[in-house]
Amino acid sequence: MPATVEVIKKDKNTYAVTVTSECEMVAKLAEEIPELDFMDAFKRLLENPVYKKGAACLKHVSCPVPCGILKALEVEAGLNVPKDSVIHFLKEEEE
C-alpha cells in the first residue's frame, strides 16, 4: 500500500512527522511517532524509536515505511540528499 511521509522541522532539534497511508498498521505507527528528535537520525536499529515503534505496530518486517521516515528526517535535517531510495526486483530469464 502506498504511504506518504512528511517531516517538517519545528525547532532546532524537533521534527514533526506525518505519515499518510490506508494501511492500518502504518497509520498506527504514525500515531506513535508524531515527533522525532535530530539525534534519532543517528540511533542504531535496536535503539531507534522509529524501528522500536515499527516493531510494535507493523506485522511485516520488510515494510519500507520506517526507513522512509528516517530518510525524510535525514533530508529535512540536512544530513542527506533528497534522492529516491528504490528496491528493484530483477527476474532472471529462463534458459
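The values are calculated or read from the model by the stated rules, or taken from the named source; none is laboratory data. Just so you know, these numbers come straight off a predicted model, no measurement behind them. As a convention, Cβ positions derive from the backbone with ideal geometry for all residues, glycine included, and neighbour counts pool all protein chains shown.
Descriptive notes on the structure:
- Just one of the numbered conditions (1) exposed (fewer than 15 other Cβ atoms within 10 Å of the Cβ); (2) within 12 Å of the chain's Cα centre (by Cα); (3) among the β-branched types (Val, Ile, Thr) is not true of residue 81: (2).
- Residues of segment 1-40 classified as touching a Phe, Trp or Tyr at 6+ places or on another chain (Cβ under 9 Å) and under 13 Å from residue 66 (Cα atoms), total: 3
- Among the residues of this structure, residue 59 does not count as one that is of a type outside the set (Val, Ile, Thr), surrounded by 11 or more Cβ atoms within 10 Å (Cβ to Cβ) and at pLDDT 95 or above.
- 2 or more residues without any contact (Cβ under 8 Å) to a residue 60 or more places away in the chain and among the hydrophobic types (A, V, I, L, M, F, W, C): qualifying strands (runs of 3 or more DSSP E) within the chain: 14-21
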